[in-house]
1. How high is the relative contact order of the chain, given as a whole-number percent (alpha carbon pairs under 8 Å, six or more residues apart)?
2. With a cut-off of 15 Å, note down the residues of the stretch 77-104 whose backbone N falls inside the zone around a label point 7 Å from the Cα of Thr201 toward its beta carbon.
3. Just grab the label-to-label distance for Glu275 and Lys36, each label 7 Å out from Cα along the Cβ direction, in nm (one decimal).
4. Just the projected area, averaged over all directions, of the convex hull on the alpha carbon atoms of the stretch 19-70: how many nm²?
5. On the accessible surface of the stretch 5-284, probed at 1.4 Å, how many percent belong to carbon and sulfur atoms?
6. Taking every DSSP beta bridge with both residues inside the chain, roughly what % is antiparallel (nearest 5)?
7. Could you check the spin-label model distance between Thr183 and Lys107? Points 7 Å from the Cα along Cα→Cβ, value in nm.
8. Using θ = phi - 60° and the Karplus form 6.51 cos²θ - 1.76 cosθ + 1.60, what ³J(HN,Hα) does each residue of the stretch 182-195 get, whole Hz, x for Gly and Pro?
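The values are calculated or read from the model by the stated rules, or taken from the named source; none is laboratory data. What you see is a predicted model, and the numbers here were worked out from it, not measured in a lab. Cβ: placed from backbone, ideal geometry, glycine included. Neighbour counts: every protein chain shown. Side chains are part of the model used for accessible areas, which takes the heavy atoms of the whole protein and leaves out ligands, DNA and RNA. Shrake-Rupley method; radii C 1.70, N 1.55, O 1.52, S 1.80 Å.
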Amino acid sequence: MPSCDILVSDQLRYRWETNTLDSVNGINIYYNETGKGKSLPVLLIHGFPFSSEMWKAQVAALQENGFYVIDYDLRGHGQSGIGDGQYTIELFVDDLIALLDCLEITKAVVCGFSMGGYVALRAIERNPERFGALILCDTTSSADSNEAKIKRAASIRLIKKDGVKSFAEGFLKAVFYEQSFSTKQNAVESIRKIILSNSTTGICGALLAMASRTDTTEALSKISVPTLVLVGEYDTITPPAAAKAMHDRIQNSKMHIIGNAAHMSSMENPNEFNEHFVKFLKNLNILTD
Ligand code: MLT
């Protein structure tokens, strides 16, 4: 059992019910709990190289609808500890399971966005008994191709040579729909800020973790829990075809394409995204009352 000495961060308490940094799996993991005990927990895993901040609109919608939500920062991201930067998706899964243990949660609904989806897919493959439902947002079960691995290596080289800022601008162009730069300026600015607040060690560690991840496609047919697949219509990183391929293999799955959005669908079109998200959760009948 990991140690759970809680260090409460007071500054942000007004926004969340609790903001805590627990020592989980040898590192401080920052997480927020909202609506504790009101439903089966819904655990949100952010993408690369972001933080739990990306889920603000979803946490608000789930809170409004009476769900218990936990959003947390993966190691090397946001306010969690950085450690040595030698990350793997396996290690991120170890942290996730240790966090559930630490919070004494035996079963949760897991929702992963992009890299968070890689973590969620591997977590449900390793520990299916810990998850009651799955939400996959703008993600894929495929491992990196050789071309993608070489691109990750080039990103690491760029970040080490010129810093996170030079990487961030190119990355923003890849993840947002072109029009979002004029119509969703707050979302773009918020993601820019999140990326720039992450460290070189954390970002490069996550790039190595993604490049070395396993392919979880074979395990999709074994997923038996209700699953929701969401993807932005213009997502070029993990396109609708990748989402459809997962949906076709997961027996009990539903899929929706989010309009006017690219990879950052939860932030580019939060209304449409949340409508599907909340409807799916309501149909699970996981509310405690
Ligand atoms: C993410 O949004 O988590 C990343 O763009 C995923 C990836 O690069 O494979």
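1. This gives 20 percent for the chain.
2. Under 15 Å, as judged by backbone N against the label point of Thr201, lie 77-88 of the stretch 77-104.
3. 3.5
4. 3.9
5. Carbon with sulfur: 50 percent of the solvent-accessible area.
6. In the chain, DSSP labels about 40 percent of beta bridges as antiparallel.
7. Each label point lies 7 Å from its Cα, and together they span 4.0 nm.
8. Listing the rounded values in order: 9, 8, 10, 4, 5, 5, 5, 5, 5, 5, 4, 4, 5, 4 Hz.
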